[in-house]
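Peer 1: Just passing along the structure, written as structure tokens.
The values are calculated or read from the model by the stated rules, or taken from the named source; none is laboratory data. Computed from a prediction, not measured in an experiment: that's the story for all the values here. Heads up, the Cβs are rebuilt from the backbone with ideal geometry, glycines too, and the neighbour counts pull from every protein chain shown.
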Amino acid sequence: MNVEALNCPNCGGAVSSDKTQCEFCRSRLKTMACPKCLGLMFVGCEYCGHCGAKMLKAEISALENAGDCPRCKSKLAGLQIGDIGLQECARCGGLWSAPDMFESICADGENQSAVLNFAGGRSEIAGQPAQISYVPCPGCKQLMNRSNFARSSGVIIDLCKQHGVWFDAEELPKIIAFVRQGGLEKARQREKLEIKEERDRLRDEVRMAGINGRRFSTTRPSEEESSVTSFISFLFD
């Protein structure tokens, strides 16, 4: 492990990155990688000491119409991280996102960085691994579907196609890591290939049956719909 000289986010004192407590102000310290340049920094720093990127702070507020946490039934609170608006459970660390907000996170690198910076400072409050079970939507109270995000991420999300998606503690950062590693692009390309193969198969069936003018439709995204947002939207169709 490489040890670097960093600055305490509380008092500004120089502290080595392997320390868990500032020797000047006694603040607890935890290191994380800058979401933009991956340089080492302490959680709570306003700016990255390597690239100068500003770390957005999260604002938590009470919401009149907020639902209850699907896991522990606590009241959800509003969470604003830059342009990202979510709801969070302070007890178990779960996050609730509307469909359009989830699309924005998956499609925008800065939004991903903002969420990762927030997640790096809150990992200590995460509860025990969630028990595998179907849970109700905070909006309509109906049981949500469970789905392997992009069919290959390994992250099982709870999805209400009308209202949004629930992330247990640490699931949203895992999805962002999957997207940044190219997993979503690979899933889109695989989806397009499956559509092409299905069209070719049906075309062959039509030719063999001697039927002209037969058409088929699919609820999957078309080959031309190649944007991240269109692919994410498909999850909610």
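Every residue, every condition in (1) without any contact (Cβ under 8 Å) to a residue 40 or more places away in the chain; (2) more than 12 Å from the chain's Cα centre (by Cα), yes or no:
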position: W166; (1), (2): no, no
position: P173; (1), (2): no, no
position: A177; (1), (2): yes, no
position: G182; (1), (2): yes, yes
position: A187; (1), (2): no, yes
position: E191; (1), (2): no, yes
position: K196; (1), (2): yes, yes
position: R201; (1), (2): yes, yes
position: R207; (1), (2): yes, yes
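Peer 1: Specify the residue that is surrounded by the most Cβ atoms within 10 Å (Cβ to Cβ); the eligible residues are those in the range 1-48 that are closer than 15 Å to A119 by Cα and in contact with a His (Cβ under 8 Å, 6 or more places away or on another chain).
Peer 2: Checked the range 1-48; the qualifying residue surrounded by the most Cβ atoms within 10 Å (Cβ to Cβ) is M41.
Peer 1: Could I ask something else about it? Taking into account only those residues within the range 78-89 that are over 15 Å from W166 (Cβ atoms) and among the hydrophobic types (A, V, I, L, M, F, W, C), which is nearest to the chain's Cα centre (by Cα)?
Peer 2: Applying the filter and picking the extreme gives I84.
Peer 1: Still on this structure: With V3, V43 as the choices, which residue is more than 22 Å from the chain's Cα centre (by Cα) and not polar (S, T, N, Q)?
Peer 2: V3
Rundown of residues vs (1) out of contact with any Asp or Glu (no Cβ under 9 Å at 6 or more places or on another chain); (2) modelled with pLDDT under 90, yes/no style:
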position	(1), (2)
N111	no, yes
P129	no, yes
I132	yes, yes
N145	no, no
F178	yes, no
G183	yes, yes
V206	yes, yes
G210	yes, yes
G213	yes, yes
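Peer 1: Continuing with this model, one more query. If I go through the range 142-171 residue by residue, how many of them are touching a strand residue (DSSP E or B) at 6+ places or on another chain (Cβ under 9 Å) and within 16 Å of R71 (Cα to Cα)?
Peer 2: Residues that pass the stated criteria total 17.
Peer 1: Next question. Given the criterion assigned by TED's automatic domain parsing to the domain that holds C137, farther than 17 Å from P173 by Cα and in contact with a Lys or Arg (Cβ under 9 Å, 6 or more places away or on another chain), identify the matching residue among C22, C69, C92.
Peer 2: C69
Peer 1: Kindly indicate whether A53 is touching a residue at least 40 places away in the same chain (Cβ under 8 Å) and among the small types (G, A, S).
Peer 2: Here the answer is yes, as A53 does meet what is asked.
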